[in-house]
Amino acid sequence: MFLAHAPFSYLGNEILQRKAIKKLKSEEQIMVGLFALFFGILPDFDMFVLTFLHIPTFLHHDVISHTPIFYIVIWAVLRVLIKPVSTLLNKKITKVLHNELLCILVDTFLIATLLHIFADLLTTDIMLFYPLSDIRFTVFKYLLEPNLFAGYTLSPLFAMELVVLSLFVTTIYKKYLAESLVISILTKAFV
């Protein structure tokens, strides 16, 4: 997947944390959504490190930052640190970053990164249990590979990405834009 990691992670986070997110203020909901998008592409940031180390970037699925264990350990550390860190913050900061929001953001980190790994598992080989095992797993890699003659844009993988992107755009429209006066005026002007 090239285009759909962030939207896929956003949609998954919205589904899995729906009740908790609805309790937040609207600006906090937007913050959680933006973090979900960012955390959805976070596992691919290892390509920058590989480039810096002069390692080919196509090997980025072979490093520990593309394994679930890596993100589960980071999530566990962050969950343990929420209480001590929140006691160190002053009142102004805790008004903005209260415990409920911090817990939702840390859970968003885990959900978004694991959904990135899951999306990669559907389309490429992943060492799912690394460092315990270096056996590679995949689900649909050989069904979704682009045809050499048709290219990526005519492949089933691209169609799957378009479905995820359209679901994402529809969700954003319904959640944030459907009641917008500007969108209403633009729609009427277009029609």
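In the set (1) within 18 Å of the chain's Cα centre (by Cα); (2) open to solvent by 80 Å² or more (accessible area, probe 1.4 Å); (3) touching a residue at least 12 places away in the same chain (Cβ under 8 Å), the condition left unmet by I15 is number (3).
Does D125 satisfy the criteria of being within 22 Å of the chain's Cα centre (by Cα) and closer than 26 Å to I41 by Cβ? Here the answer is yes, as D125 does meet what is asked. Of all residues in segment 19-64, exactly one satisfies the criterion of being open to solvent by 60 Å² or more (accessible area, probe 1.4 Å), of a type in the set (S, T, N, Q) and in contact with a Ser or Thr (Cβ under 7 Å, 6 or more places away or on another chain), namely T51.
When L105, L115, L110 are checked against the criterion of being under 16 Å from the mean Cα position of the chain (by Cα), surrounded by fewer than 19 Cβ atoms within 10 Å (Cβ to Cβ), of a type outside the set (K, R) and closer than 22 Å to T171 by Cβ, a single residue qualifies: L105. When the test is whether a residue is crowded, with 17+ Cβ neighbours inside 10 Å and of a type in the set (V, I, T), T138 does not pass it. Hey, any hits in segment 65-74 for a residue that's more than 15 Å from H116 (Cα to Cα), open to solvent by 40 Å² or more (accessible area, probe 1.4 Å) and either in contact with a strand residue (DSSP E or B) (Cβ under 8 Å, 6 or more places away or on another chain) or assigned to a helix (DSSP H, G or I) (or both)? Checked against the condition, which is being more than 15 Å from H116 (Cα to Cα), open to solvent by 40 Å² or more (accessible area, probe 1.4 Å) and either in contact with a strand residue (DSSP E or B) (Cβ under 8 Å, 6 or more places away or on another chain) or assigned to a helix (DSSP H, G or I) (or both), segment 65-74 yields at least one hit.
Here's the yes/no breakdown for (1) of a type outside the set (S, T, Y); (2) more than 14 Å from the chain's Cα centre (by Cα):
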{"residue": "K19", "(1), (2)": "yes, yes"}
{"residue": "V32", "(1), (2)": "yes, no"}
{"residue": "V49", "(1), (2)": "yes, yes"}
{"residue": "T87", "(1), (2)": "no, yes"}
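The values are calculated or read from the model by the stated rules, or taken from the named source; none is laboratory data. Note that the coordinates shown come from a computational prediction; the quantities given were computed from them, not determined experimentally. Don't worry about glycine lacking a Cβ; one is built from the backbone with ideal geometry, like all the others, and counts go over all protein chains shown. The accessibility values were calculated without ligands, DNA or RNA, using every heavy atom of the protein model including side chains. Shrake-Rupley method; radii C 1.70, N 1.55, O 1.52, S 1.80 Å.
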